[in-house]
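Inspection log for the structure reproduced underneath, given as structure tokens.
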Amino acid sequence: MTSLTTETAAEAVPRSAPGSGARLVARLAGGAASGAVRVFLVLAGLFWLMPTVGLLLSSLRSPSDIAASGWWQVFTAPAQLTTENYTRLLANDTITGSLLSTVLITVPATLLVVLIGSFAGYAFAWLEFPGRDWWFLGVVALLVVPVQVALVPVSKLFGAVGLFETTAGVVLFHTAFGLPFAIFLLRNFFAEIPRELLEAARLDGAGEIRLFTRVVLPLGGPAIASLGIFQFLWVWNDMLVALIFADSQSPPITVALQQQVRQFGNNVDVLAPGAFVSMVVPLVVFFAFQRQFASGVMAGAVK
């Protein structure tokens, strides 16, 4: 009786599972590593945002304060902050006109690349026509052609047809050099659409146009949004093409800021807010379509 009671009591005592200590150490190590990674990512993000924050604070300081000390002095003397620089910016016809010129160049160049690239990507993915693979290989080969190679011959061509130093010429140049990447990206994305889905739509009587607009475009929304972001950022921030092909009387914002530096080296009260406005517009566009951009980049990565 006594022995049975002793054995029952011994069995009632909880025993630690084998390897529980090792699992606990591994869990703690994993948590510490995850915390360290998060801290590193936060520090990297702050370091990446520092130039933008510095430019913003500089644009809110007077020229005398900028010349006297660094932008970080704002944290000890917040009375330096003022909006006078942005008032001067809005009164500067060169900068405001350049912002309008940038919009007139960027929006059509982005829309044309997205529209033509979508049609061409669908054609290369699902339409049968002679030499389709060879034509697509030629499009891929155009990806390696640098922009600098085409500057001189395209300048001569635009000069002959009257497009040199015009907004239309800059839009055509950006559209032509944006299409190879657009077609390559969208063709690969559209090719991942299940064939059964397209065949079912054809059996229901859908033609190619209706199939493209009702089935392919909604499914390709993330890739199209990613392409639009890439193209918008490239055209908006471009300076080389705009410097050569744009109208010198109404240049884009990048060229206008460069001219301000060359002509008025101490005109920082206009340069700082102008540069911040030029930077913040692409950031707003990117964060507005961030979810679609991430979906488009990861599309096809996981089957």
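For residues in segment 111-138 being in contact with a helix residue (DSSP H, G or I) (Cβ under 9 Å, 6 or more places away or on another chain), of a type in the set (A, V, I, L, M, F, W, C) and under 20 Å from I229 (Cα atoms), which is surrounded by the most Cβ atoms within 10 Å (Cβ to Cβ)?
V113
Give me the pairs: first residue in segment 247-262 and surrounded by 21 or more Cβ atoms within 10 Å (Cβ to Cβ), second residue of a type in the set (V, I, T), beta-carbon distance under 7 Å, and six or more apart or on different chains, which are they?
P252/T102; P252/I105; I253/T102; A256/T94; A256/I95
Does any residue in segment 76-89 that is more than 11 Å from P273 (Cβ to Cβ) come within less than 8 Å, Cβ to Cβ, of a residue that is open to solvent by 90 Å² or more (accessible area, probe 1.4 Å) and polar (S, T, N, Q) six or more places away or on a different chain, and which pairs are these?
Going by the 8 Å Cβ cut-off, there are no qualifying pairs.
Please identify the pairs in which a residue from segment 266-287 that is of a type in the set (V, I, T) has its Cβ atom under 7 Å from the Cβ atom of a residue that is not in a helix (DSSP H, G or I), counting only partners at least 6 apart or on another chain.
Pairs that qualify, where the first residue is of a type in the set (V, I, T) and the partner is not in a helix (DSSP H, G or I), are V270/N92.
Kindly evaluate L172 against the criterion of being free of Cβ contacts under 8 Å to residues at least 40 places away in the same chain, open to solvent by 30 Å² or more (accessible area, probe 1.4 Å) and either hydroxyl-bearing (S, T, Y) or at negative phi (or both). Write out each step before concluding.
Numbers: free of Cβ contacts under 8 Å to residues at least 40 places away in the same chain: yes; open to solvent by 30 Å² or more (accessible area, probe 1.4 Å): yes; either hydroxyl-bearing (S, T, Y) or at negative phi (or both): yes.
Yes.
So for segment 205-214 (the condition being closer than 24 Å to P108 by Cβ and without any contact (Cβ under 8 Å) to a residue 40 or more places away in the chain), does at least one residue qualify?
At the first step, the residues of segment 205-214 found to be closer than 24 Å to P108 by Cβ are 209, 212-213.
Subsequent filtering for residues that are without any contact (Cβ under 8 Å) to a residue 40 or more places away in the chain retains 209, 213.
Yes, some residue in segment 205-214 is closer than 24 Å to P108 by Cβ and without any contact (Cβ under 8 Å) to a residue 40 or more places away in the chain.
Please determine whether any residue of segment 234-243 is open to solvent by less than 30 Å² (accessible area, probe 1.4 Å), within 24 Å of L49 (Cα to Cα), in contact with a His (Cβ under 6 Å, 6 or more places away or on another chain) and not small (G, A, S).
There is at least one residue in segment 234-243 that is open to solvent by less than 30 Å² (accessible area, probe 1.4 Å), within 24 Å of L49 (Cα to Cα), in contact with a His (Cβ under 6 Å, 6 or more places away or on another chain) and not small (G, A, S).
Is it fair to say Q73 is in contact with a helix residue (DSSP H, G or I) (Cβ under 9 Å, 6 or more places away or on another chain), farther than 29 Å from R187 by Cβ and at pLDDT below 90?
So Q73 fits the description; yes.
Among the residues of segment 144-155, write down those that are surrounded by 10 or more Cβ atoms within 10 Å (Cβ to Cβ) and part of a helix (DSSP H, G or I).
Once the filter is applied, which keeps residues that are surrounded by 10 or more Cβ atoms within 10 Å (Cβ to Cβ) and part of a helix (DSSP H, G or I), segment 144-155 yields V147, A150, L151, V152, V154, S155.
The values are calculated or read from the model by the stated rules, or taken from the named source; none is laboratory data. Quick caveat, the model's predicted, so the values are computed rather than measured. A quick note on method: Cβ atoms are made from the backbone with ideal geometry, for glycine too, and the neighbour counts reach across all protein chains shown. Please note that ligands, DNA and RNA were not included when accessible areas were found on the heavy atoms of the full protein model with its side chains. Shrake-Rupley method; radii C 1.70, N 1.55, O 1.52, S 1.80 Å.
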